[in-house]
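Asks: Sending over a structure as structure tokens; questions will come in a sec.
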């Protein structure tokens, strides 16, 4: 009976190399059917608020940064892109009341703040622009220790509105939500409200009003797209295209067009 | 036996074990099949049941997918299997007389044990890396810092698990009974370490006790592997249920206690 001599040298390690190669190859299998389903449908749907300038606007010639970015993404994927306007995202203070489900849309955008809270619910990111909130008040007075109503204009979605409500209650301030930035600026100028919480680009001409930071997690941060958890093949494809758009300067051009600060700035 | 001669002897025993195990196709099949079955088949199979369906819904609010959740646990599983199986070489060595030759050599017993444990550790780390090789499908991104921390943790776990395997192997005379016995140790440890069922991180302990039976929560909390899996999750997916210091403390204590126990049993061979 012949015995096979044990392999020596590099050939002895060939099975181990093969095992690693096999694992690495298997790691490239599609982890889910999300991309396949979207390609089969020929389009992806994006839940957005009706208005969240500059991310979403009502102007068809300048539909908003998020819409324009996602149109390019869809074009490069050879797919259609349908924005689904969700009015609850404009008015509701609680994400649970927005009624966003997988059946309604394939992703979420519209100035979505990329925070720990957002990441708990969604596979969020990458950050494609800077969003966030600041406090406008007389001489930069803090929320605490002052009286009067605070006007709020939230353009982004995904802000932890419950925490914002808690912050205002702790400071003992009443809140009034505004639908348009101009209305908020007018209310501040007329003395209808004593302070305002809004994005830093709010145009305020009232003398003596200064900008100060809000505590975490409301300070200026990132905005980007949100995907449903588990839709990895779709989100990876979108992220791959976004990386290419960033490298080609397409994202930077769109940011400049909408006056959005780059996340690295 | 001193200095370089001792180091050379440790290296020789270590290399014999490492070479024999890592070139053994049978053990490599096991090393590949576990991540394939646990991550690719079970993980992808169950992933849709734990994914986000409604934005803002509080059910299953977890900052990871099921695939990401189970991935660090499978790294630990592969380490456990590889480390404990490598310790089984002790039974063969004893059966075929190689261990007797080693024991009568001038090499101190602790050094022989250390060489075997380091070999088991190396094999375990390599098998852990086999799981890391499929990280892309699980959506786990590995930067250099993450990889280095994971390797250090895998080495510590592999060391402790090899010591445990040696304690088991010394207690048994037949290789067949070792296989059954090791499965009876590895699988219960694995399943009761919070490896396969996610616990909502927003749960307080009282809420956890309302969701799961108290006996299961107690078993999970008493299992040292729970904290090892938890620490591996902290390293690989940036989320852990328990305080960050608990895992390294439990693993460090296990390394010392299990090595001391293995040394005691080995000295009485």
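The values are calculated or read from the model by the stated rules, or taken from the named source; none is laboratory data. Note that the structure is a prediction, hence the values are computed from the model and not measured. Quick reminder, even Gly has a Cβ in these numbers, built from the backbone with ideal geometry, and neighbours come from all protein chains shown.
Asks: Got a sec? Which of B:87, B:138, B:83, B:124 is touching a helix residue (DSSP H, G or I) at 6+ places or on another chain (Cβ under 8 Å), modelled with pLDDT of 95 or more and surrounded by 23 or more Cβ atoms within 10 Å (Cβ to Cβ)?
Replies: The match here is B:124.
Asks: Might you check whether a residue that is within 14 Å of another protein chain (Cβ to nearest Cβ) and not in a helix (DSSP H, G or I) occurs anywhere in segment B:71-90?
Replies: no
Asks: Then there's this: Going residue by residue through segment B:165-173, is there one that turns out to be modelled with pLDDT of 90 or more, assigned to a helix (DSSP H, G or I), crowded, with 23+ Cβ neighbours inside 10 Å and away from every other protein chain (no Cβ under 14 Å)?
Replies: There is at least one residue in segment B:165-173 that is modelled with pLDDT of 90 or more, assigned to a helix (DSSP H, G or I), crowded, with 23+ Cβ neighbours inside 10 Å and away from every other protein chain (no Cβ under 14 Å).
Asks: Among B:46, B:37, which is at pLDDT 90 or above, assigned to a helix (DSSP H, G or I), on the phi < 0 side of the Ramachandran plot and more than 10 Å from chain A (Cβ to nearest Cβ)?
Replies: Of the residues listed, the single one that is at pLDDT 90 or above, assigned to a helix (DSSP H, G or I), on the phi < 0 side of the Ramachandran plot and more than 10 Å from chain A (Cβ to nearest Cβ) is B:37.
Asks: Please specify each residue of segment B:107-159 satisfying the condition of being within 21 Å of residue A:25 (Cα to Cα), away from chain A (no Cβ under 14 Å) and outside any helix (DSSP H, G or I).
Replies: B:143
Each row is one residue, and each column tells you yes or no for (1) within 21 Å of the chain's Cα centre (by Cα); (2) without any contact (Cβ under 8 Å) to a residue 60 or more places away in the chain; (3) assigned to a loop (DSSP other than H, G, I, E, B).
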residue	(1), (2), (3)
B:197	yes, yes, yes
B:207	no, yes, no
B:210	no, yes, no
B:219	yes, yes, no
B:225	yes, no, no
B:229	yes, no, no
B:249	yes, yes, no
B:258	yes, no, no
B:263	yes, no, no
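Asks: Quick check on segment A:8-19. Is at least one of its residues surrounded by 14 or more Cβ atoms within 10 Å (Cβ to Cβ) and in a loop (DSSP other than H, G, I, E, B)?
Replies: So far as segment A:8-19 goes, no, none of its residues is surrounded by 14 or more Cβ atoms within 10 Å (Cβ to Cβ) and in a loop (DSSP other than H, G, I, E, B).
Asks: Across segment A:215-235, which residue is nearest to residue A:29 (Cα to Cα) among those that are away from chain B (no Cβ under 14 Å) and at pLDDT 80 or above?
Replies: In this case the residue turns out to be A:224.
Asks: Right, something else. Looking at the structure I just gave you, is residue A:40 modelled with pLDDT of 90 or more, under 28 Å from residue B:44 (Cβ atoms) and assigned to a loop (DSSP other than H, G, I, E, B)?
Replies: Against the criterion (modelled with pLDDT of 90 or more, under 28 Å from residue B:44 (Cβ atoms) and assigned to a loop (DSSP other than H, G, I, E, B)), residue A:40 does not qualify.
Asks: If you don't mind, another one. Please go through (1) farther than 19 Å from residue A:251 by Cβ; (2) in contact (Cβ under 8 Å) with a residue 60 or more places away in the chain; (3) surrounded by 15 or more Cβ atoms within 10 Å (Cβ to Cβ) for residue A:116 and return the number of the only condition it doesn't satisfy.
Replies: Answer for residue A:116: the failing condition is (3).
Asks: Still on this structure, I have one more. Looking only at helices (runs of 4 or more DSSP H) that fall completely inside segment A:51-124, which ones have 1 or more residues that are closer than 18 Å to residue A:231 by Cα and either in contact with a strand residue (DSSP E or B) (Cβ under 7 Å, 6 or more places away or on another chain) or within 14 Å of chain B (Cβ to nearest Cβ) (or both)?
Replies: Filter on segment A:51-124 gives A:65-76, A:116-121.
Asks: For the list (1) within 7 Å of chain B (Cβ to nearest Cβ); (2) in contact (Cβ under 8 Å) with a residue 24 or more places away in the chain; (3) exposed (fewer than 15 other Cβ atoms within 10 Å of the Cβ), I need the number of the one condition that residue A:28 fails.
Replies: All conditions pass for residue A:28, except number (2).
Matching residues to (1) loosely packed, with under 13 Cβ neighbours inside 10 Å; (2) more than 22 Å from residue A:107 (Cβ to Cβ); (3) touching a strand residue (DSSP E or B) at 6+ places or on another chain (Cβ under 8 Å); (4) not assigned by TED's automatic domain parsing to the domain that holds residue A:62:
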| position | (1), (2), (3), (4) |
| --- | --- |
| A:187 | no, yes, yes, yes |
| A:195 | no, yes, yes, yes |
| A:198 | no, yes, yes, yes |
| A:202 | no, yes, yes, yes |
| A:207 | yes, yes, no, yes |
| A:228 | no, no, yes, no |
| A:231 | no, no, yes, no |
| A:250 | no, no, no, no |
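Asks: Regarding segment A:130-149, can at least one residue be identified that is under 12 Å from the mean Cα position of the chain (by Cα), closer than 25 Å to residue A:249 by Cα and not in a loop (DSSP other than H, G, I, E, B)?
Replies: yes
Asks: If you go through segment A:125-139 one residue at a time, how many are closer than 17 Å to residue A:228 by Cβ and not assigned by TED's automatic domain parsing to the domain that holds residue A:39?
Replies: 0
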